[in-house]
Amino acid sequence: MEIATKYNPGNVEQKWYDYWQQNGYFYSKPDHRKPYTIVIPPPNVTGVLHMGHMLNNTIQDVLIRRARMKGFNACWVPGTDHASIATEAKVVAKLKEEGISKFEIGRQKFLEHAWEWTHKHGGVILEQLKTLGCSCDWNRTKFTMDDDLSESVTKVFVDLYNKGLIYRGYRMINWDPEAKTNISDEEVVYKEMQGKLYFLRYYIEGTNDFIVVATTRPETIFGDTAVCINPNDERYSHLKGKRVIVPIAGRSVPVIEDDYVDIEFGTGCLKITPAHDPNDYEIGLRHDLEMINSISEDATLNDYGLHYSGMDRFVVRKKIEVELGEKNLLEKVENYTNKVGTSERTGAVIEPRLSVQWFLKMKDLSKPALDNVMNDNIRFHPSKFKNTYRHWMENVHDWNISRQLWWGHRIPAFYYGEGSEDFVVALNKQDALRIIEDEKHLHLTEEDLRQDEDALDTWFSSWLWPISVFDGINDPNNEEINYYYPTNDLVTGPDIMFFWVARMIIAGYEYRNEYPFKNVYFTGIVRDKQGRKMSKSLGNSPDPIELMKEYGADAVRVGMLLTAPAGNDLPFDTDLCLQGRNFANKIWNAFRLIKGWEVTDEIDTPAENEFALKWFGVKFNSVLTEIEDHYQKYRISDVLMSVYKLIWDDFCSWYLEAIKPEYGKPIDKRTYDATISNLENFLKILHPFMPFLTEEIWQSVGPREKEDALIVSAYPEPDVFDNEILSKFDFSAEIVSGVRAIRNEKGISPKEKLELFASTEIQNSFDNALVQKLSNTALQFSNEFPEKGFSFRVGTSEFFIPATENIDLEAEREKLEKEKEYLEGFLRSVRNKLSNQKFVNGAPEAVVNAERKKESDALEKIALIEEQLRGM
């Protein structure tokens, strides 16, 4: 067949992806083989591919393709997440543009719009993953709102409620005023912000005296119900039992005492606003204080805010500063930097707020999940993340699982009376009616029931993902859950270690009594050249689809993984994709070279080929052993670098040069067949990284049946190898490099055959035929070298090239003398520095050692030049 001059990914990638899908190579069902399972971290259903997805899913594809080739029943389950907050926000915004409010049209109509949006925009990202080459079993594609997954979520909620682990409580929560929902502690991102510290005057009731109280949030004074002092603070002992007047609000509130107050912070007096600060809330509970909620759901002040009612909290903050000043109630204002909680989803500043919510008790549930990570039953890669995990798990709080949203899994609690406790938790209304009749002895109909309005936190469905995709909640003993679970590897980012990873482990032990995955590979964050996280707002994130169009999917995959060590951030540059494309072209050109040779069985294998064939077989096994070790340690980037060097340096630069026939002459069949075999072997270990290019070359080598496709070919197994052969080749290569260096320095043409002298005792230390071919020399073994010429060393062994008539020895001598003179001057300057005791004693050790290294390097170079001069 005719082989294209250049490799064109655009002509290849879709062809082979369609071929793989049509032949069912991605498809998996339980059989006699050992399973290897990965569940995809489900991206948002309406999301599009970004660089983080590219990195994460490339690594997953590398692992799944390798497992498939190793004979495992490889199953990679794809899917998407319904993303309650993000999706609902988009639908609300769309309706707003049309002049529609979600509350006007009601829940049912809103959900119709949400499903319409999901069907229209959902699934794009999965199609983009196909462009990347991801070999998921697309027949298994799941969505967290699928009927069976939704049923799993409901069953788990009911089960945990019946176990006494889910409860409904009045608590301080993190309110997102933009999304109009509460969020969990883990979804709060603390950002350093420049603000102010306001010092307010609280007059002591019945006197003209006042105390000064410092606050960063003067707009919350309308919710003040006490002022607190430390009982050990002698400055304020006169205030015990007194009351003070809240500025502007004019209310009288008690002075209370609590050890929580930091005597050193601010003035030592603390305003207590139990409804708007989590610490104040705890103090309020201890002292039985009134809870005044003065801020509405949209972060405007309500009627408690008096003349500020209806104004945004931040507008009030500016206006109230003016009013406090005018009324002589403001002592002073200072600039102040503090960490402010913001919503991970919307970026809005969180408003602490009292609300009735649903919670899951985490302390006892978390223990098996902590123990089995710390004892390495579940292994984290890199292991440094175990400490972060342990800290969170040992300080875990109850999980706030309810959200004030409509898009998502509705909480299965059914209210039947006017009281807040008149509810039952059940799988559905029919089940609820049965429970009410059995336990409450009430005869009701479905019309008498009201289901809780709130939806569950998105993560409450995601934490079941490795189980629910195999229907392990609804049917705990089905064939698939028993075969595929526990899964093998999870690839994800450390930023969702608590949101998702920890909770999946908790669910695994609660519902399967075993881990959900054996290994967790944490990727780093993809950053730009300046070290900034890639984001839309910064405009520093390239479009992955455009990158693949320009460079090809394989090149982008290689570019991503060349500098992506586990757990460390990836400094991405499009030059890495260019490097990937150059690598693809290098391989393609090597293939074209091989296929372009005329093959004959009428000539014997040359001596240099014999050694090259033997060496590359040993080298391949050496590298294969190395990369197997890297895989075991989840050093995927190191695997790629080892394969890259094997192909670029060892195969293309050395092996092909060693065995290629003279121009216009044929190659012997034995060498050719062995070379094709070597090519096929490295295609196998490269395939997980560059699936399209490797399949194209594999199929172009010769006719293949369906079962012979590269994607399902047997992955090579490491064999024992002879280190002496590797050493012998390395010695030979260094000799060739030495000759080439002299040719380059002296301007000697590569075509000019040179004599090369070596001592007789090293005759068997390297391969003579290989050296002579690659360096274009005639070897002479002797213990006496000619008088004039050029020498070089490989280790302790000296080699000598006699001068030829094409070389001007006087010019060479002059050049060497000048170089020596320069080096001697450099050496003197270094030694002057090292003889200065002030420098040696005062400079950092690393700096002094660097100077000593310069000294030894200069001495070595001078000695070499002197040796060369003696030979001239």
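The values are calculated or read from the model by the stated rules, or taken from the named source; none is laboratory data. Bear in mind the structure is a predicted one, so any value in this text is a computation, not a measurement. Glycine gets a Cβ as well: all are built from the backbone with ideal geometry, and neighbour counts include every protein chain shown. Side chains included, ligands, DNA and RNA excluded: accessible areas come from the protein's heavy atoms. Shrake-Rupley method; radii C 1.70, N 1.55, O 1.52, S 1.80 Å.
Observations
- Surface/4 of the Cα convex hull for the stretch 716-795, nm²: 6.8 nm²
- Restricting attention to the chain, close to 70% of DSSP beta bridges with both partner residues there are antiparallel.
- The residues packed around Val639, meaning those with a beta-carbon under 12 Å from its beta-carbon, carry a net charge of 0 if Lys and Arg are +1 and Asp and Glu are -1.
- With contributions of -39500 (n - 2.57) from each DSSP H run of at least four residues, the per-residue ellipticity at 222 nm computed over the chain stands at -13500 deg cm²/dmol.
- In this structure, Leu578 and Ser653 have a Cβ-Cβ separation that, at R0 = 25 Å, corresponds to a calculated FRET efficiency of about 0.80.
- Structure-derived mean projected area of the Cα convex hull in nm² - corresponding label in (i) 51.9; (ii) 45.7; (iii) 43.2: (i)
- About the centre of its Cα atoms, the chain shows a dipole size close to 1240 debye [charges on the beta carbon of Lys, Arg (+1) and Asp, Glu (-1) only; nearest 20 debye].
- Distance-filtered residues of the stretch 317-357 - backbone nitrogen under 11 Å, label point 7 angstrom along Lys191 Cα→Cβ: 340-350
- Candidates Gly347, Asn328, Ile283 compared by Cα position along the dipole of the stretch 274-376: farthest toward the positive end lies Gly347, with charges placed on Cβ.
- Cα gyration tensor category, rounded, prolate or oblate, for the stretch 528-663 with a/c compared to 1.5: oblate
- Cut-off 16 Å (backbone N to label point 7 Å along Cα→Cβ of Gln21), residues of the stretch 678-708: 692
- The listed residues Met69, Met311 rank as Met311, Met69 when sorted by accessible area, largest first, using a 1.4 Å probe.
- Per DSSP, loop GluC sites (Glu not before Pro) in the stretch 61-127 with at most 11 further Cβ within 10 Å: Glu98
- Per-peptide average of other Cβ atoms within 10 Å, ordering 60-66, 648-654, 237-243 highest first: 60-66, 648-654, 237-243
- For the stretch 334-435: rounded, prolate or oblate by the Cα gyration tensor [a/c cutoff 1.5]: oblate
- Spin-label model, Glu717/His287: points 7 Å from Cα along the beta carbon direction are separated by 7.4 nm.
- Between Lys533 and Val340, the distance separating the two model label sites (each 7 Å from Cα on the Cα→Cβ line) works out to 1.8 nm.
- Which listed pairs, of Lys163/Lys384; Lys120/Lys533; Lys34/Lys684; Lys96/Lys319, have C-alpha distances above 26 Å, in listed order: Lys163/Lys384; Lys120/Lys533; Lys96/Lys319
- Label point of Ile603 set 7 angstrom out along Cα-Cβ; within the stretch 634-663, amide nitrogens under 19 Å from it belong to 655-663.
- Most positive-pole-ward Cα, Ala674, Asn56, Trp406, against dipole of the chain from beta carbon charges: Asn56
- Placing unit charges on the Cβ atoms only, positive for Lys and Arg and negative for Asp and Glu, gives the stretch 552-649 a dipole magnitude near 360 debye about its Cα centre.
- Using a Förster distance of 22 Å, the FRET efficiency for Lys665-Ile3 (Cβ separation, nearest 0.05): 0.60
- Helix 385-394 and the long axis of the chain differ in direction by around 20°, with both axes built from C-alpha atoms.
- The residues of the stretch 1-111 present an accessible area of 43 Å² per residue when probed at 1.4 Å with all protein chains retained.
- Gained length - Arg450 relative to Asp159, 0.36 nm times residue gap less alpha-carbon distance: 102.7 nm
- The calculated FRET efficiency for the pair Asn302 and Thr267, based on their C-beta separation and a Förster distance of 41 Å, comes to about 0.90.
- Computed over the chain, relative contact order equals 12 percent, with contacts defined as Cα pairs under 8 Å that lie 6+ residues apart.
- Distance between the 7 Å Cα→Cβ label points at Glu824 and His119: 9.0 nm.
- Sorted peptide list for 503-516, 12-25, criterion being average Cβ within 10 angstrom, highest first: 503-516, 12-25
- Accessible area of the chain belonging to carbon and sulfur atoms, whole % at 1.4 Å probe: 46 percent
- Axis of helix 809-834 versus longest Cα principal axis of the chain: the two differ by about 40°, to the nearest ten degrees.
- Were the residues from Glu628 through Ile496 laid out at 0.36 nm apart, the gain over their Cα-Cα distance would be 44.6 nm.
- For the stretch 1-67: rounded, prolate or oblate by the Cα gyration tensor [a/c cutoff 1.5]: oblate
- Full extension of the segment from Ala843 to Asn208, taken as 0.36 nm per residue of separation minus the current Cα-Cα distance, would add 222.1 nm.
- Antiparallel DSSP beta bridges within the stretch 749-872, as percent of all bridges there, nearest 5: 60 percent
- The largest accessible area among Asp280, Asp601 belongs to the first residue in Asp601, Asp280, and the rest follow in falling order (1.4 Å probe, all chains).
- When only the Cβ of Lys, Arg, Asp and Glu is charged (+1, +1, -1, -1), the dipole of the stretch 190-320 relative to its Cα centre reaches about 560 debye.
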